[in-house]
């Protein structure tokens, strides 16, 4: 009897072995207990044991995420929470996971169709697919050899006839076909390379495009190898098409590209990749386009290209980030067509409220934390209504962590000084610890709150989000140290298209002419 349709294609799309390992762990637990609902802790243990045994036997195995360990033998079950959520979510069509009960099971409709023979067929299906997955690696993909060949031969090739040149075959056929053999490149991806159209391109490239959002390098987002014009290096990048946005003018297109870069960096982890504008491909005008359109990159210098294992690992890492981005925007219903967003003084967020909340929720889950969706929505709406919110609850329930992760999802971190955590001390009896004070010489010494407010009110920071978290507010009498600020918050009013308040600190107290906070 064939497997039910719902199960017969669950491994069709795979980037790692995790889905197959999860199914094997669940079936093993069922065979041991004959219980149809499994402890998530037990499944995590079986999941980890499978990977550790394969590693110990010297068989090929997916390396653990670098943030966990270098080998599975060094990973503990408690570290698996965020990792195992990935295959659980990928198999959500056939699996139910209950966070509160910390349990996992096949959906009732699946159990109804699984007899003993069906369970054995599913086990064999998972075992076959996991071997097929690893066998892909046995076909050597010579990325390093090809990258070095391009950087070695391209400049001299440009002095030769363009038509029929072997580098054209390398870019258009050989490299794309090899990349398609990688197990994390599935049917969603289109791979194409170019050395130019009719004439040699200054910057040849090989792009991996998710067909669900774009099939052209002129617009949308994609992964692409970009070779420097002087062939001194090649960059593996997550980038955006610059032709579509460029139709609106250079200044507007660069502003659009920067906005999209900021959004994507907020959403994605992009561990081990550079996230700046220091990508240098050419001295011509389009070089600046590449700089502002690049979300993340890693640079390989001509004489220091790493081995294929490292190159494949970097590519897989970037593809995972790319896939996560595509899945997120498709789930939220965001259109990715690269039409220009009108960016004016008051266009602070190109996403709708629903899309922004979805992005925040996704970022927090990606960091390994779970909060009820309605809590994040309420927090967002509360801040939009009045940018002062009190979170009440017993210690250890995640109030501070929620604020920190929420701020990070909007690009406000302690590193860029847009997120500030201020611990409240029990001995605070007046506003001076927050706002500041005059010393004996009459010089005003600003408190931490004042320093943040002054920074946030600079013209260059006008449209940046700033978060201040007063941790453990009730350790001191709130009405003693916070009453001045509460009173000022109630004086908000619109003036010259801005929300302003009464002065928090008199002008004569400050060393700057800033009189409104």
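Please work out which residue is farthest from the chain's Cα centre (by Cα), limiting yourself to the range 283-319 and to residues that are touching a residue at least 40 places away in the same chain (Cβ under 8 Å) and within 12 Å of residue 233 (Cβ to Cβ). Among them, the one singled out is 302.
Filtering the range 212-236 to residues that are in contact (Cβ under 8 Å) with a residue 24 or more places away in the chain, closer than 17 Å to residue 185 by Cβ and in a strand (DSSP E or B) leaves 221, 222, 223, 225, 236.
Scanning the range 147-170 for residues that are within 30 Å of residue 39 (Cβ to Cβ), surrounded by 13 or more Cβ atoms within 10 Å (Cβ to Cβ) and in contact (Cβ under 8 Å) with a residue 60 or more places away in the chain turns up nothing.
Residues checked against (1) in contact with a strand residue (DSSP E or B) (Cβ under 6 Å, 6 or more places away or on another chain); (2) without any contact (Cβ under 8 Å) to a residue 12 or more places away in the chain:
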residue: 424; (1), (2): yes, no
residue: 431; (1), (2): no, no
residue: 434; (1), (2): no, no
residue: 441; (1), (2): no, yes
residue: 454; (1), (2): no, no
residue: 466; (1), (2): no, no
residue: 476; (1), (2): no, no
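Listed conditions (1) at pLDDT 80 or above; (2) in contact with a helix residue (DSSP H, G or I) (Cβ under 9 Å, 6 or more places away or on another chain); (3) loosely packed, with under 12 Cβ neighbours inside 10 Å are all met by residue 66, apart from (1). Could you tell me whether the range 2-17 includes any residue that is at pLDDT 90 or above, under 30 Å from residue 273 (Cβ atoms) and either out of contact with any strand residue (DSSP E or B) (no Cβ under 7 Å at 6 or more places or on another chain) or surrounded by fewer than 18 Cβ atoms within 10 Å (Cβ to Cβ) (or both)? No, every residue in the range 2-17 fails to be at pLDDT 90 or above, under 30 Å from residue 273 (Cβ atoms) and either out of contact with any strand residue (DSSP E or B) (no Cβ under 7 Å at 6 or more places or on another chain) or surrounded by fewer than 18 Cβ atoms within 10 Å (Cβ to Cβ) (or both). I want to confirm something. Restricting to the range 437-452 and keeping residues that are under 29 Å from residue 393 (Cα atoms) and touching a helix residue (DSSP H, G or I) at 6+ places or on another chain (Cβ under 9 Å), which single residue is surrounded by the fewest Cβ atoms within 10 Å (Cβ to Cβ)? Result: 448.
The set of residues in the range 109-138 that are more than 23 Å from residue 59 (Cβ to Cβ), in a helix (DSSP H, G or I) and in contact (Cβ under 8 Å) with a residue 12 or more places away in the chain comprises 109, 110, 111, 117, 118, 119, 121.
Going through 36, 16 one at a time, which residue ends up being assigned by TED's automatic domain parsing to the domain that holds residue 123 and within 28 Å of the chain's Cα centre (by Cα)? Residue meeting the stated conditions: 16.
Hey, can you tell me all the residues within the range 334-362 that are more than 20 Å from residue 468 (Cβ to Cβ) and modelled with pLDDT of 55 or more? 351, 352, 353, 354, 355, 356, 357, 358, 359, 361, 362 - these are the residues of the range 334-362 that are more than 20 Å from residue 468 (Cβ to Cβ) and modelled with pLDDT of 55 or more.
Looking at the range 260-305 only, could you name the residues that are farther than 27 Å from residue 366 by Cβ and part of a loop (DSSP other than H, G, I, E, B)? Residues satisfying the conditions are 280, 281, 282, 283, 284, 285, 302, 303, 304, 305.
Pairing residues of the range 384-409 that are assigned by TED's automatic domain parsing to the domain that holds residue 500 and on the phi > 0 side of the Ramachandran plot with residues that are in a helix (DSSP H, G or I) and surrounded by 15 or more Cβ atoms within 10 Å (Cβ to Cβ), at Cβ distances under 7 Å and at least 6 apart in sequence or on separate chains, gives 393/399.
Taking every residue in the range 42-65 that is over 24 Å from residue 316 (Cα atoms) and pairing it with any residue that is part of a helix (DSSP H, G or I), at least 6 positions away or on another chain, the pairs with Cβ-Cβ distances below 7 Å are 42/29; 43/25; 43/26; 43/29; 45/77; 46/25; 46/28; 46/29.
Collect the residues in the range 84-123 that are modelled with pLDDT under 85 and within 26 Å of residue 320 (Cα to Cα), keeping them in residue-number order. Break it down stepwise before answering.
Applying the first criterion (modelled with pLDDT under 85) to the range 84-123 yields 86, 89-90, 98-101.
Correct list: 86, 89, 90, 98, 99.
The values are calculated or read from the model by the stated rules, or taken from the named source; none is laboratory data. Keep in mind that this is a model prediction, so the values were computed, not measured. Virtual Cβ from ideal backbone geometry, glycine too; neighbours counted across all protein chains shown.
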